[in-house]
Amino acid sequence: MSNIFYPCVLYLQDGTLYKGWSLFNFNVSFGEVVFNTGMTGYQEIMTDPSYAGQMVVFTYPEIGNTGLNHEDNESNFIHIKGLIAKNISSFSSNWRSSISLKKYLSIKNMPHIFGIDTRSLTKHLRLMGVMNAAIVSMKFDYEFSYSLFDVNRNVLDRLDLVRKVTTKLVYHVNPSNFMFIPFKTHLNLNTNSQLGTNLTILVVDFGMKFNILRKLLSFGCKIFVVPATCDYNTIVKYKPDGLLLSNGPGNPLLAIYAANTVKKLIYNANVPIFGICMGHQILNLALGAKTFKLKFGHRGLNHPSGLKNYSEITSQNHGFAVDSNSLSQNELSQILKINCLNLNDLTVAGILHKNKPIFSVQYHPEASPGPNDADYLFKVFIRLIIQSKTLD
């Protein structure tokens, strides 16, 4: 592969610019620029629907060392609008690698920039907050391109990204499409595979990661995935034993149609519900809580979450959070319990309904960044369903 690099520029909404390089020429890419502090996981990040509409700054100084493989994608598509790195490795070395990141970017014609000071950029975003940005190839008149850069272009707060990434049709999950051998070995199926036999789990897809399905399949569950726009009657038609609200991108307030459906399910269907990330936010909106946008979000693999003297190391990826003040209101405080906080900034990381089999977390228990501290939550969900069925 050619080692010729092409000059390009990253423009931020506030006028700050960074000059760097790309592996090929492209026009211009717009998006909200955010940063992720993980040392690994670039393949999962690029294919995670939660990053739809965003350009991701990788704070680790070099990415691409382990290449990409056929198993670790979190969806069937690339969802990020641009990749921003200090350095992209020219070589990859891993027994599972099937293609280098460098070659992958070129084949997919994916906008990117490297050779910039990502530490400076990250500190700037921490100070000023996430903002819109554009990556422009310098083969074009980039001053002219910048004049076209409307600061309000594609403001993610105003786009219903959930509708863009959700499945269009209901489908049944075939285990053979998701459970590859290395993953089966890692999950220790001898322990889990029989627990969820004969249970039907319905997953509402707000921008779902494949690993959520793999975790549920490891318990032997029968799984259906439905669109975020699915109505109450369609959901109850499947007679689910449990309902999982998946992760997803963007502003949860723009998916209020989903919150209204979940609200009906909470008060009429009597089905156990587990919310993850966007699903956590939608669930809380359905219960009457409020959400707000974080200054620069939580995106990384080592966020401590817990309460009092207990902590788990968790993977997180979100720009919005549930307002803790709204949860302390009289009506909500009587039915909901905050059972987990992000210990970096004390935002809400998990809630538990006091009277119904309902709980949610702001982080990603399906992720495996190294520690599997939160992995047990799927078993909790399955056991909650089983217990609820015995009480019916």
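The values are calculated or read from the model by the stated rules, or taken from the named source; none is laboratory data. Here the structure is a predicted model, which means the values were calculated and not measured. Positions of Cβ are generated from backbone atoms using ideal geometry, with glycine treated the same way; all protein chains shown enter the neighbour counts.
Values for this structure:
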quantity	calculated
Residue check for A349: aliphatic (A, V, I, L, M) and part of a strand (DSSP E or B)	yes
Top-ranked residue of the stretch 360-388 - restricted to ones that are surrounded by fewer than 20 Cβ atoms within 10 Å (Cβ to Cβ) and of a type in the set (D, E, K, R), ranked as nearest to the chain's Cα centre (by Cα)	D375
Residue match in the stretch 90-100 (condition: within 23 Å of M138 (Cβ to Cβ), at pLDDT below 95, among the hydroxyl-bearing types (S, T, Y) and assigned to a strand (DSSP E or B))	no
Candidate set from the stretch 88-115 (those that are surrounded by fewer than 21 Cβ atoms within 10 Å (Cβ to Cβ) and among the hydrophobic types (A, V, I, L, M, F, W, C)); member that is farthest from Y11 (Cα to Cα)	W95
Exclusive hit being on the phi > 0 side of the Ramachandran plot and surrounded by fewer than 21 Cβ atoms within 10 Å (Cβ to Cβ), set K295, K308, K290	K308
For G370: the one exception among (1) touching a Ser or Thr at 6+ places or on another chain (Cβ under 7 Å); (2) more than 24 Å from K290 (Cα to Cα)	(1)
Close pairs (8 angstrom Cβ cut-off, 6 or more residues apart or separate chains): assigned by TED's automatic domain parsing to the domain that holds S311 and buried (at least 16 other Cβ atoms within 10 Å of the Cβ) in the stretch 335-359, of a type in the set (F, W, Y) and at pLDDT below 95 anywhere	none
The stretch 8-36, subset polar (S, T, N, Q) and part of a strand (DSSP E or B), residue nearest to T122 (Cα to Cα)	N36
Options G220, G248, G300: the member that is outside any strand (DSSP E or B) and under 28 Å from V130 (Cα atoms)	G248
Given (1) touching a strand residue (DSSP E or B) at 6+ places or on another chain (Cβ under 9 Å); (2) surrounded by fewer than 24 Cβ atoms within 10 Å (Cβ to Cβ), index of the condition C221 fails	(2)
Only listed residue being exposed (fewer than 15 other Cβ atoms within 10 Å of the Cβ), under 24 Å from the mean Cα position of the chain (by Cα), modelled with pLDDT of 70 or more and of a type outside the set (F, W, Y), chosen from N174, N154	N174
Filtered residues of the stretch 101-128 (kept if among the β-branched types (V, I, T), closer than 14 Å to N87 by Cα and assigned to a helix (DSSP H, G or I))	T118
Candidate set from the stretch 21-51 (those that are surrounded by 22 or more Cβ atoms within 10 Å (Cβ to Cβ) and touching a Cys at 6+ places or on another chain (Cβ under 8 Å)); member that is farthest from T167 (Cα to Cα)	S22
Test: residue in the stretch 281-293 that is touching a His at 6+ places or on another chain (Cβ under 6 Å), within 25 Å of G53 (Cα to Cα) and assigned to a loop (DSSP other than H, G, I, E, B)	no
Some residue of the stretch 257-269 being touching an Asp or Glu at 6+ places or on another chain (Cβ under 7 Å), farther than 12 Å from V204 by Cα, assigned by TED's automatic domain parsing to the domain that holds K209 and not in a loop (DSSP other than H, G, I, E, B)	no
Considering residues of the stretch 246-280 that are free of Cβ contacts under 8 Å to residues at least 60 places away in the same chain and buried (at least 24 other Cβ atoms within 10 Å of the Cβ) only, the residue nearest to R214 (Cα to Cα)	S246
First in the stretch 372-386 and closer than 14 Å to G275 by Cα, second anywhere and of a type outside the set (S, T, N, Q) and assigned to a helix (DSSP H, G or I), Cβ under 7 Å, 6 or more apart	F378/K215; F378/L216
Identity of the residue in the stretch 70-99, small (G, A, S) and in contact with a helix residue (DSSP H, G or I) (Cβ under 9 Å, 6 or more places away or on another chain), that ends up farthest from K19 (Cα to Cα)	S75
